[in-house]
1. Kindly establish whether Ala33 is of a type outside the set (Asp, Glu), in a helix (DSSP H, G or I) and at pLDDT 90 or above.
2. For Ala48, which of the numbered conditions (1) aliphatic (A, V, I, L, M); (2) surrounded by 12 or more Cβ atoms within 10 Å (Cβ to Cβ); (3) modelled with pLDDT under 85 fails to hold?
Amino acid sequence: MSKINERITLAVEAAKGRYRELSEAPEEGLETAEKIFLTVGAVILAAAAIAAITAFVNGQIALLPSN
């Protein structure tokens, strides 16, 4: 679980750094394709985080004693 958190953290920090670079030089701006790739990347990261959390929770539920 910590590897997923580390990867998500690294991806978020990279995106923040890229955003800072672009906001400091607005004349360069984001191209449409780059906006699409960043958005798709964010959606993929969110889906991966949701899948990891769901898998973890389902694993913990399976460990509960049944009556």
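The values are calculated or read from the model by the stated rules, or taken from the named source; none is laboratory data. Keep in mind it's a predicted model, so treat the numbers as computed, not measured. No Cβ is skipped: glycine too gets one built from the backbone with ideal geometry, and neighbour counts run over all protein chains shown.
1. Numbers: of a type outside the set (Asp, Glu): yes; in a helix (DSSP H, G or I): yes; at pLDDT 90 or above: no.
Judged against the criteria, Ala33 is not a match.
2. All conditions pass for Ala48, except number (3).
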